[in-house]
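> Here it is, the structure in full.
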Amino acid sequence: GQLPTWLQGILLRNGPGMHTIGDSKYNHWFDGLALLHSFTFKNGDVYYRSKYLRSDTYNCNIEANRIVVSEFGTMAYPDPCKNIFAKAFSYLSHTIPEFTDNCLINIMKAGDDFYATGETNFIRKINPQTLETLEKVDYNKYVAVNVATSHPHYDSAGNVLNMGTSIVDKGKTKYLLFKIPPAVPEQEKKKSCFKHLEVVCSIPSRSLLHPSYYHSFGITENYIIFIEQPFRLDIVKMATAYIRGVSWASCLAFNKDDKTWFHFIDRKTKKEVSTKFYTDALVFFHHINAYEEDGHIIFDIIAYTDNSLYDMFYLKNLSKDFAENARLTSIPTCKRFVVPLQHDKDAVLDSNLVTLPSAATAVKEKDGNIYCQPEILCEGIELPRINYDYNGKKYKYVFATEVQWSPVPTKIAKFNTQTKEMLHWGQDDCWPSEPIFVPRPDAKEEDDGVVLTCVVKTDPKDPPFLLVLDAKTFTELGRATVNVEMHMDLHGMFIPQQDMKTETE
């Protein structure tokens, strides 16, 4: 095929790549050592490159020729030949564990730099052109968080906004929203932008020892949206996991009889909206988008009724017939919540406070809380992406992978949230990755651009390829086949040519 001449830049992807080291194996697919790969678009040609993230975790494991650093689903034990005192000490130091820097989930831009990110307090700077691993950054040096999301937001000024959890710090467990500026003052050119990191606000956890797990958060023009779901980490169990010989993943539990609470933080005043909004128990990983309309906040997420998704990816379950046999007990559902922030305070109890035309409702209860029920937009999509120029604004299109009852994506979908129409791209024996939308320069319409996805073939003898689709029509413009073994990955980003420092800089 033919690539549009304006498509110039690098598609960077990240995901777990190595699951066996020496005689030891990880328990879970999400534990594998991070493998970065990139597709560089230059004058109609595509260049491919991949490289393992040379994290401290990677280096320690490779040197020992076995897994010596614990990951979320795999607890590793120190070398048995170390003396007994060192062993006792390492048990004690695991209370709030020294987490891994195997940043295998996403890529983040901060200032002019790019980082591989996971969900711990560590991120690793990388060179997007060579995929070399550069310095390690510990969020904890700048903000008291033990874990952080790998789905930050970027505002129009170039600030990075992210959230992390501060576990039992000074007797409190809280969720912190923090901001990393894009540049440092001229006189401090040698310093990193993290030195100027500021905490925007903190939200106390509803429970000291059971903070909510979250993978992303939402943003509108004036508000930050944080969803506290009843899918929680048990801190006491976590502190003793090492001694008990179980993984940290076993310390996560979903309580289906509990509520899911919505927190809205005013970005100007940095204060939380005092009205309490909630919905039924759900598990979710990905926010799609959010915006404001006539005194309401509208946000779209992909939610599940249980936490079976994580269990699917234990390697013992990933047999060769995985795609056929793995069955989700809960299908991913795209839910739209409509939250009436500015509602009639004297409204009748049990009346629906949503005044926009929507199937979503918000009902005031006698304790003053407002119970929200969503409109179901569609089912069976995951790894959602949007045209990021529409982030926090009213929008139409979601680009996503299509998954039915099996967690392996078989198609790419474009979903219109307003008309509910869906376009697909799919071919037999193809497993596509998260689709990334790249807008055409000077585009006037939301879907004017291309969609990029890496496609792995189910037969290892068939080479994988990068697929380029016209985002409007979902027709194939071209594909670049790569004669290497490519792994299924998680997330990534497209860096336009003009956003890249030249090598000499």
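> Answer yes or no as to whether ASP447 is closer than 17 Å to ALA400 by Cβ, more than 20 Å from the chain's Cα centre (by Cα), not in a strand (DSSP E or B) and not aliphatic (A, V, I, L, M). First the steps, then the outcome.
Details: closer than 17 Å to ALA400 by Cβ: yes; more than 20 Å from the chain's Cα centre (by Cα): yes; not in a strand (DSSP E or B): yes; not aliphatic (A, V, I, L, M): yes.
Yes: the conditions hold for ASP447.
> If the requirement is being open to solvent by 30 Å² or more (accessible area, probe 1.4 Å), more than 15 Å from THR120 (Cβ to Cβ) and out of contact with any helix residue (DSSP H, G or I) (no Cβ under 6 Å at 6 or more places or on another chain), which of these qualifies: VAL199, VAL160, VAL147?
Working: VAL160 fails: open to solvent by 30 Å² or more (accessible area, probe 1.4 Å); VAL147 fails: more than 15 Å from THR120 (Cβ to Cβ).
Only one candidate passes the filter, namely VAL199.
> If you check PRO407 against the conditions, is it open to solvent by 10 Å² or more (accessible area, probe 1.4 Å), closer than 22 Å to ARG327 by Cα and either free of Cβ contacts under 8 Å to residues at least 24 places away in the same chain or part of a loop (DSSP other than H, G, I, E, B) (or both)? Steps first, answer last, please.
Numbers: open to solvent by 10 Å² or more (accessible area, probe 1.4 Å): yes; closer than 22 Å to ARG327 by Cα: yes; either free of Cβ contacts under 8 Å to residues at least 24 places away in the same chain or part of a loop (DSSP other than H, G, I, E, B) (or both): yes.
Yes.
> Answer yes or no as to whether ILE376 is of a type in the set (Val, Ile, Thr) and buried (at least 17 other Cβ atoms within 10 Å of the Cβ). Outline the logic, then answer.
Details: of a type in the set (Val, Ile, Thr): yes; buried (at least 17 other Cβ atoms within 10 Å of the Cβ): no.
Here the answer is no, as ILE376 does not meet what is asked.
> Collect the residues in the range 25-49 that are assigned to a loop (DSSP other than H, G, I, E, B) and in contact (Cβ under 8 Å) with a residue 60 or more places away in the chain, keeping them in residue-number order.
First, the residues of the range 25-49 that are assigned to a loop (DSSP other than H, G, I, E, B): 26-27, 32, 43-44.
Across the range 25-49, the qualifying residues are TYR26, ASN27, GLY32.
> What are the residues in the range 189-214 that are within 17 Å of ILE167 (Cβ to Cβ) and not in a strand (DSSP E or B), if any?
Initially, the range 189-214 is screened for residues within 17 Å of ILE167 (Cβ to Cβ), giving 199, 202-214.
Result: SER205, ARG206, SER207, LEU208, LEU209, HIS210, PRO211, TYR213, TYR214.
> Charged (D, E, K, R) and assigned to a strand (DSSP E or B), is that true of GLU382? Lay out the reasoning, then the answer.
Values: charged (D, E, K, R): yes; assigned to a strand (DSSP E or B): yes.
Here the answer is yes, as GLU382 does meet what is asked.
> Does ASN27 satisfy the condition of being closer than 26 Å to ILE123 by Cα, loosely packed, with under 15 Cβ neighbours inside 10 Å, modelled with pLDDT of 90 or more and not acidic (Asp, Glu)?
no
> If you go through the range 227-256, how many residues are touching a Ser or Thr at 6+ places or on another chain (Cβ under 9 Å), more than 16 Å from SER70 (Cβ to Cβ) and among the aromatic types (Phe, Trp, Tyr)?
1
> Here are ASP459, ASP429: which of them is on the phi > 0 side of the Ramachandran plot and modelled with pLDDT under 95? Before you say what the answer is, go through the steps one by one.
Numbers: ASP459 fails: on the phi > 0 side of the Ramachandran plot.
That would be ASP429, the only listed residue that is on the phi > 0 side of the Ramachandran plot and modelled with pLDDT under 95.
> Now for a different question. Restricting to the range 130-144, name every residue that is within 27 Å of ILE224 (Cβ to Cβ) and buried (at least 16 other Cβ atoms within 10 Å of the Cβ). Full working, then the answer.
Here is the first cut: in the range 130-144, the residues within 27 Å of ILE224 (Cβ to Cβ) are 137-144.
Answer for the range 130-144, where residues must be within 27 Å of ILE224 (Cβ to Cβ) and buried (at least 16 other Cβ atoms within 10 Å of the Cβ): VAL137, TYR139, ASN140, TYR142, VAL143, ALA144.
> Separate question: From the list LYS420, LYS414, which one is surrounded by fewer than 21 Cβ atoms within 10 Å (Cβ to Cβ) and basic (Lys, Arg)? Full working, then the answer.
Numbers: LYS414 fails: surrounded by fewer than 21 Cβ atoms within 10 Å (Cβ to Cβ).
Of the residues listed, the single one that is surrounded by fewer than 21 Cβ atoms within 10 Å (Cβ to Cβ) and basic (Lys, Arg) is LYS420.
> Kindly indicate the residue of the range 163-180 that is in contact (Cβ under 8 Å) with a residue 40 or more places away in the chain and not polar (S, T, N, Q) and also surrounded by the fewest Cβ atoms within 10 Å (Cβ to Cβ) among those meeting that condition.
Filtering the range 163-180 for residues that are in contact (Cβ under 8 Å) with a residue 40 or more places away in the chain and not polar (S, T, N, Q), the one surrounded by the fewest Cβ atoms within 10 Å (Cβ to Cβ) comes out as VAL168.
> Just a yes or no: is a residue in the range 241-259 among the β-branched types (Val, Ile, Thr) and touching an Asp or Glu at 6+ places or on another chain (Cβ under 9 Å)? Steps first, answer last, please.
Initial filter on the range 241-259 (among the β-branched types (Val, Ile, Thr)): 243, 246.
Those still in the list that are touching an Asp or Glu at 6+ places or on another chain (Cβ under 9 Å) too: none.
No - not one qualifying residue is present in the range 241-259.
> Further question: Looking only at the range 447-474, which residues are open to solvent by 20 Å² or more (accessible area, probe 1.4 Å) and either closer than 20 Å to GLN8 by Cα or touching a helix residue (DSSP H, G or I) at 6+ places or on another chain (Cβ under 8 Å) (or both)?
If the condition is that a residue be open to solvent by 20 Å² or more (accessible area, probe 1.4 Å) and either closer than 20 Å to GLN8 by Cα or touching a helix residue (DSSP H, G or I) at 6+ places or on another chain (Cβ under 8 Å) (or both), then ASP448, THR458, ASP470, LYS472 are the ones that fit.
> Turning to a different aspect of this structure: Being under 23 Å from the mean Cα position of the chain (by Cα), assigned to a loop (DSSP other than H, G, I, E, B), aliphatic (A, V, I, L, M) and closer than 18 Å to ARG49 by Cβ is the filter here; which residues of the range 450-487 pass it?
MET486
> Among the residues of the range 384-404, what is the count of those that are within 30 Å of ASP462 (Cβ to Cβ), in contact (Cβ under 8 Å) with a residue 60 or more places away in the chain and β-branched (Val, Ile, Thr)?
2
> Do you know which residues across the range 1-24 are open to solvent by less than 10 Å² (accessible area, probe 1.4 Å), in a strand (DSSP E or B) and of a type outside the set (Gly, Ala, Ser)? Spell out the reasoning first.
Going through the range 1-24, the residues open to solvent by less than 10 Å² (accessible area, probe 1.4 Å) turn out to be 7, 9-16, 21.
After this cut, where a residue has to be in a strand (DSSP E or B) as well, the list is 9-16, 21.
Those that are open to solvent by less than 10 Å² (accessible area, probe 1.4 Å), in a strand (DSSP E or B) and of a type outside the set (Gly, Ala, Ser): ILE10, LEU11, LEU12, ARG13, ASN14, PRO16, ILE21.
The values are calculated or read from the model by the stated rules, or taken from the named source; none is laboratory data. In this text the structure is predicted, and so the values were computed from the model without any measurement. All Cβ positions, even for glycine, are placed from backbone atoms using ideal geometry, and neighbour counts span all protein chains on display. Calculation scope for accessible area: heavy atoms of the full protein, side chains included, ligands and nucleic acids excluded. Shrake-Rupley method; radii C 1.70, N 1.55, O 1.52, S 1.80 Å.
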